[in-house]
Structure formats: structure tokens, C-alpha cells
Amino acid sequence: MLRVLVTGGAGFIGSALVRRLVESSSHRVHVLDKLTYAGTLTALEPVSGHSRYGFTRGDICDEACVTGLFRDFDPDVIVHLAAETHVDRSIDGPGAFIETNVRGTYVLLQAARAHWVGLSQARKATFRFHHVSTDEVFGALGEEGCFDEATAYDPRSPYAASKAASDHLVRAWAHTYGLPVTLTNCSNNYGPYHFPEKLIPLMIVKALAGESLPVYGHGEQVRDWLHVDDHACAIQTVFERAAPGSTYAVGGRAERRNIDVVRGICHALDRLRPRADRQAYAQQITSVADRPGHDFRYAIDCSKLERDLGWAPLESFETGLEKTVRWYLDNESWWRPLVGRKYSGERLGCA
């Protein structure tokens, strides 16, 4: 049993990890989350009453809060997921991304280092600071090739640059101070409890509302899609089994053009929740001006993680998308309060 501190544990990926750890392991889990617009305690309701779960509302940039939590919870593992994550929002307001993603990571690293130094030799050997990052730090690919652990950094958006900076800080604390870290860079996640500003949940919500489905440009950009439950499994596998200093690329082996993702959502809704007029949802698709600096293609080669630690994605994109659409249809009580109160579907990132 490990004591696992999850920052950003009320967010999309964080809550999936917390639910997995509480329900399927013996680990004790504590969440630190600021509960910004994208963090929802309702995503943690399935485990909120469990004896091995705890929650603190706080900011990773608050040194007193972070230091106190390390003292009180005494973690063996930190899984760092707290971050501003939406590229479009980083275009409109990059300052919040620098503050949280860069300075917040620094505060956590300092607290983790001070905590680790005071541990017994046995606990030092199993301690991990696991940093969860993105494939967007690598820039864009052409029509061929994949990102892997040796890919050079080339961030193109304020969000990607802030995550690249946090990756470099984590590696610097490992090299300079000996802090035992692991790091993962993942592809696009999707699945349940996804805040409805991201592509897949946004298209579902807008389709059901009868609104236009805005696709940037002609929808030719390609992303590698990873189900969030597969990602949570990968994170757990790495922090439990990987050697200090290890980096792994995590992908779903599911490259799709954005336009094909949106069409797939429409086709699923046609079957599962037909429009009242029996027309196809795809007729709601519209083209809008492209995102400034929009990267063309991302793809992950996750063979190192498969080879070293035996992880592999369980969901194909087709099965995962079907489950995701069904989840949003069955859980309107989760996402409807967020629409309007936190985000009403307006265009972001127009610069």
C-alpha cells in the first residue's frame, strides 16, 4: 500500500486515476485540487465516501498549503496532474498557464524534495514524483512518423510551452538533487467526466442542443486518441514499476482526423438518440476559422511502455467513442449544470 497524493485529482484525467486507485488497489489516495472551472467534485463522487480517499481544496502555487499537506499526508508518491490544459484558453490568457504549470510545478518539486530528504532509506527507495505531461510539447508532425521518448521539444502554443517548461523542471530536480522522478507524455484523452470545452464532449453537448458543430478549418488535423481509463492504468503502471528517471510516451494507437471524430460522434448519436426530425446530426457540422498556430498532426509510439512494463491500451477508438457517447447520454445530470454555469460553448482562442 502506498500513500498517493494526486494534484488536480478533481479534473478529467486526475479523477479517472483516483477512481481507479481507490476502487482497484490498496493505495491510500489524497487529492489536492483548486476546483477551478474544470475541476468538479462530482467526478469523485463514486469514491468520496471511501476510507482510503481524502480531499483538500488548495492551490499548488500556495507554498504553505502544499508544505502542510506533505507534512500531514506523508506521501510515498506524488502524481502531478494539476495544470491549466486547454490550448484555446492559453491563447486568450497565457498568464494563468505560466503561473500554474510552471510556478506550481516548482512549488511542488521543492516540497517533494524537502519531504523526500527526510524519509527513511527504505521509503526513499520507493518514493516517486510522477509528472503527467502532453505530446504537445513536441510540436507538430508531418504526414508520417510518431513522437517517442527521444523526440526533441518544439512547443507551439502557450499551453505546450508551459508544459515543456514543467517537464524540464522535473528533470532538472532529478539531475541536480537526485529526486526520484518519472514522467509520461500522453496523447489526446477522451472518456467520461470530460469538461465540455474539449472536442468530443463539446460536440456531443452541442449536437444534443441542436446547435452547429464547429470544426476548425476543414478538420484535417490528426490526433492520436487515448481513452482516459487506459491512461490512468498507464500512470499507475509507471509510478509503481518504472525506474527513477524513466520517461514514457503514452498513446492509444488511434489516429483520427478531427472531422472523422466529429462524424463518428454524429453517427453514434443517430443510432442512440435520433433527432426528432430524423435528420442526420452530421448536417449540423460547420467549418470555422482555424485555431492560430494549429498543429497539423500528433501521434505517439508507445512501444517502449508496452515493451518495458507490459501496458497496452484496451479500448479501440470505436469501442471507446461508443462508450463515451453513451455515458454523456446517460449522465446529463453531470454535465448540464456545467453548461452555462462554467462554460456555455462559446468560441475560445481566437487571439
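Laboratory data are not the source of any read-out in this text; all were calculated from the coordinates shown. Only a predicted model underlies this, so the values are computations on that prediction, with no experimental measurement involved. Every residue, glycine as well, gets a Cβ built from its backbone with ideal geometry; the counts of neighbours run over all protein chains shown.
Restricting the calculation to Cα atoms, every distinct pair contributes to the Kirkwood radius of the stretch 1-82, found to be 12.3 Å.
Modelled this way, with points 7 Å down the Cα-to-C-beta line, the labels at Arg71 and Ser24 are 3.7 nm from one another.
Between Leu314 and Gln283, the simple label model (points 7 Å from Cα in the Cβ direction) yields a spacing of 4.0 nm.
Taking 7 Å steps out from each Cα toward its Cβ at Glu332 and Asp62 produces label points 3.7 nm apart.
Among the listed pairs Lys206/Lys323; Lys34/Lys198; Lys163/Lys323; Lys34/Lys163; Lys163/Lys206, a Cα-Cα separation exceeding 23 Å is found for Lys163/Lys323; Lys163/Lys206.
Helix 158-177 axis versus longest C-alpha principal axis of the chain: approximately 20°, rounded to the nearest ten. Largest GNM mean-square fluctuation among Glu143, Glu99, Glu322, using the chain with Cα springs under 10 Å: Glu143. Of the three principal axes defined by the Cα atoms of the stretch 230-324, the extents in descending order read 56, 33, 16 Å. With the helix formula -39500 (n - 2.57) applied to DSSP H stretches of n ≥ 4, the chain reaches a computed 222 nm mean residue ellipticity of -12000 deg cm²/dmol. Axis of helix 63-73 versus longest Cα principal axis of the chain: the two differ by about 70°, to the nearest ten degrees.
Convex hull volume per residue, computed on the Cα atoms of the stretch 100-157, equals 106 Å³. Separation of the stretch 201-222 from the stretch 258-272 is 10 Å, based on Cα centroids.
Computed across the chain, the Kirkwood hydrodynamic radius from all distinct Cα-Cα pairs reaches 20.6 Å.
Helix 199-208 and the longest principal axis of the C-alpha atoms of the chain enclose an angle of approximately 40°.
Relative contact order, whole percent, for the chain stands at 18, derived from Cα pairs under 8 Å and 6 or more residues apart.
Given the options Ser166, Ser212, Ser333, which has the most mean-square fluctuation in a GNM of the chain, springs set between C-alpha atoms less than 10 angstrom apart? Taking springs between Cα atoms under 10 Å, the residue moving most is Ser333. Provide the FRET efficiency to the nearest 0.05 for the Arg257-Lys124 pair, computing r from the beta carbons and using R0 = 45 Å. Using R0 = 45 Å, I get an efficiency of 0.45. Listed peptides 303-310, 69-76 appear in the order 69-76, 303-310 once ranked by packing, highest mean of other Cβ atoms within 10 Å at the front. Our note on the geometry: Cα centres of the stretch 134-160 and the stretch 302-333, 22 Å apart.
With a 10 Å cut-off between alpha carbons and a GNM built on the chain, which of Asn258, Asn185, Asn331 moves the most? Highest fluctuation of the listed residues: Asn331.
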